[in-house]
1. Name the pairs whose Cβ atoms lie under 9 Å apart, with the first residue in the range 80-105 and over 28 Å from Lys11 (Cα atoms), the second among the acidic types (Asp, Glu) and open to solvent by less than 60 Å² (accessible area, probe 1.4 Å), and 6 or more positions between them or separate chains?
2. I'm trying to understand the selection: among the residues of the range 74-129, which are aromatic (Phe, Trp, Tyr) and in a helix (DSSP H, G or I)?
3. Of the numbered conditions (1) touching an Asp or Glu at 6+ places or on another chain (Cβ under 8 Å); (2) open to solvent by less than 100 Å² (accessible area, probe 1.4 Å), Lys82 satisfies every one except a single condition; which is it?
4. Any residue at all in the range 11-33 that's without any contact (Cβ under 8 Å) to a residue 40 or more places away in the chain, assigned to a helix (DSSP H, G or I) and within 30 Å of Lys118 (Cβ to Cβ)?
5. Answer with yes or no whether Glu60 is closer than 25 Å to Trp25 by Cβ and open to solvent by less than 50 Å² (accessible area, probe 1.4 Å).
6. Can you find even one residue in the range 26-37 that is at pLDDT 95 or above, more than 18 Å from Ala75 (Cα to Cα) and surrounded by 12 or more Cβ atoms within 10 Å (Cβ to Cβ)?
7. Looking at (1) surrounded by 14 or more Cβ atoms within 10 Å (Cβ to Cβ); (2) within 18 Å of Thr7 (Cβ to Cβ); (3) free of Cβ contacts under 8 Å to residues at least 40 places away in the same chain, which is the one condition that is false for Ala48?
Amino acid sequence: MASTSITKLLKVMRQLRDPKDGCEWDKLQTHESLIPFLKEESQEVIEAIRKNDPENLKEELGDLLLQIIFHSQIAEENKFFKFDDVVKSVSEKLIRRHPYVFDQKQEHTVKQQAAMWKKIKEKEKNGKC
């Protein structure tokens, strides 16, 4: 069900950005011009969490997802990357940073996990992962 919903959302965004038939405002947007909206939507997610408002959180997470889809569409148009690349990258990162869950399957404490996460992240920064 989620993949169908994401596919529909990606299609809607492509249509909004279509050079011929798209929305004039959406077609003008760039990564830079969308920064204020990304900040605003992130803040609204935080506010919904703090208010413990699940219905509003659902809406605001959707708005934040829209920002990710929007930026991904712009990147695809510029032949930088696609939304699927974003999804693949974050999935690989989560698996890589949680070897005790996906690879080595070992019990761990929160403290051990935090130390391992930091170590793995440092390796990634140094290009060793």
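1. As it stands, the answer is Arg96/Glu124; Arg97/Glu124, since those pairs meet every condition given.
2. Those that are aromatic (Phe, Trp, Tyr) and in a helix (DSSP H, G or I): Phe83, Tyr100, Phe102, Trp117.
3. (2)
4. Within the range 11-33, not a single residue is without any contact (Cβ under 8 Å) to a residue 40 or more places away in the chain, assigned to a helix (DSSP H, G or I) and within 30 Å of Lys118 (Cβ to Cβ).
5. Answer is yes for this residue.
6. So far as the range 26-37 goes, no, none of its residues is at pLDDT 95 or above, more than 18 Å from Ala75 (Cα to Cα) and surrounded by 12 or more Cβ atoms within 10 Å (Cβ to Cβ).
7. Just one mismatch for Ala48, condition (2).
The values are calculated or read from the model by the stated rules, or taken from the named source; none is laboratory data. Keep in mind it's a predicted model, so treat the numbers as computed, not measured. Every residue, glycine as well, gets a Cβ built from its backbone with ideal geometry; the counts of neighbours run over all protein chains shown. Ligands, DNA and RNA are stripped out before the accessible areas are found, and what is left, the full protein with its side chains, is counted by its heavy atoms. Shrake-Rupley method; radii C 1.70, N 1.55, O 1.52, S 1.80 Å.
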